[in-house]
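Report on the following structure.
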Amino acid sequence: MAFTSWRGVVGNIKPTMRPGSVEELCRILPEGVGIIPLFLDIKRGVREEFATVLRHYEPLIDKLAECEVDLIHPEGAPPFMVLGYKGEAELIKKWEKKHKIPVFTSGTNHIRALHALKVKRFIGASYFSGKINETFGKYFVDAGFDVLGMEGIDIPFHDVGKLSPEQVYAHVKKLFLKHRKEAQGIYLLGSGWRVTGIIDLLERDLGVPVIHPVPARCWEIQKRLTIHHPVAGYGRLLAEMLPG
């Protein structure tokens with residue numbers, strides 16, 4: 001293990017070739033944590049593509065295991081959510097049995113974050129349009145949550161990074177206000193949009209915690225590597241390093 005990674009090394013599989021979220025994660029991870037990122041190349045962001053891409057994770061999981069990383073994180077909520085909650089659990093179990101290395105996905109990470117924040121009923125927002133949002137919602141229902149609404153923004157997949165934080169704030173707030181009497185939290189699906197700067201703002205304005213993939217990822221990596229390094233500015237989960 002390299003000296004610069006004395007607290008642990010994470011093997012990270014990104015579902016797209018987009019820049020952004022890797023840099024965001026590296027900025028907020030504590031010193032001493034190493035990241036080995038590998039990339040898939042999802043381009044269209046449609047159900048058919050998500051359903052066929054899972055087989056391409058396998059050789060990358062094998063490669064990261066060969067590097068003797070301490071933890072493997074295959075990202076990409078949609079491919080695993082299309083597989084389904086139970087199917088995902090079986091796949092993780094298979095990978096962990098084969099490599100003897102802990103594995104967590106985006107979906108399992110978000111479930112743990114919701115539990116840590118004691119959120120049972122929430123609204124979700126994504127940058128996908130159409131019925132696939134029902135699939136995302138069903139994944140969490142199968143995991144024991146009440147999904148009050150899961151609504152996407154209609155934008156081409158390759159343009160997601162162009163969404164302004166103000167647009168996303170307005171979309172999320174509008175959805176939340178429909179369910180403000182019941183919603184205990186807000187869930188933002190996907191790492192493609194550059195909106196970490198509005199997490200604290202949404203929490204202050206709407207009075208509920210916000211789960212965003214990047215700080216949730218940082219939180220779980222720390223928990224898995226037995227690190228406690230709170231980071232302010234990205235929501236309550238990471239600022240308080242809540243147990244989970």
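Coordinate-derived values only; no laboratory data. The structure presented is a predicted model; accordingly, all values stated were derived computationally and were not measured. When we count neighbours, we look across all protein chains shown, and the Cβ atoms used for this are built from the backbone with ideal geometry, even at glycine.
Could you compute Rg(Cα) / (2.2 N^0.38 Å) for the stretch 1-111, with N its residue count?
1.05
So what's the chain giving for Cα Rg divided by 2.2 N^0.38 Å, two decimals?
0.95
With everything on Cα atoms, drop me the angle between helix 106-116 and the longest principal axis of the chain, reported from 0 to 90° to the nearest 10.
60 degrees
Only Cα pairs under 8 Å and at least 6 apart count here; give the relative contact order of the stretch 2-154 as a rounded whole percent.
20 percent.
Can you give me the relative contact order of the stretch 198-244 as a percent, contacts being Cα pairs under 8 Å and 6 or more apart?
40 percent
Test of understanding: ordering 85, 127 by Cβ neighbours within 10 Å, fewest first, what list do you get?
Going from least to most buried by this count: 85, 127.
Using only alpha carbon pairs under 8 Å that are at least six residues apart, calculate the relative contact order of the stretch 158-244 and give it in whole percent.
With pairs under 8 Å counted, the relative contact order is 26 percent.
May I ask which residue of 225, 208, 179 lies farthest towards the positive end of the charge dipole of the stretch 159-244, with charges of +1 (Lys, Arg) and -1 (Asp, Glu) on Cβ and the Cα centre as origin?
179
By how many degrees, 0 to 90 and rounded to 10, does the Cα axis of helix 132-142 deviate from the longest principal axis of the chain?
With rounding to tens, the tilt is 70 degrees.
Angle check, please: helix 165-178 long axis (alpha carbons) against the longest principal axis of the chain (alpha carbons), in degrees 0 to 90, nearest 10.
Helix 165-178 sits roughly 60 degrees off the main axis of the chain.
Let me know the charge dipole size of the stretch 111-150 about its Cα centre in debye, to the nearest 20, where only the beta-carbon of Lys, Arg (+1) and Asp, Glu (-1) is charged.
Approximately 140 debye in magnitude.
For each of 241, 81, count neighbouring Cβ atoms within 10 Å of the residue's Cβ, then give the residues from fewest to most.
Starting with the residue having the fewest Cβ neighbours, the order is 241, 81.
How many angstrom lie between the Cα centre of the stretch 21-68 and the Cα centre of the stretch 155-210?
If you average the Cα positions of each part, the centres end up 24 Å apart.
From the alpha carbon gyration tensor of the stretch 1-58, can you work out the equivalent ellipsoid semi-axes (sqrt of 5 times each eigenvalue) and give them in Å, largest to smallest?
So the three semi-axes of the stretch 1-58 are 28, 13, 7 Å.
Of 157, 35, 114, whose Cα points farthest to the positive end of the dipole of the stretch 27-184 (charges on the beta-carbon: +1 Lys, Arg; -1 Asp, Glu; origin at the Cα centre)?
Positive-most Cα among the choices belongs to 114.
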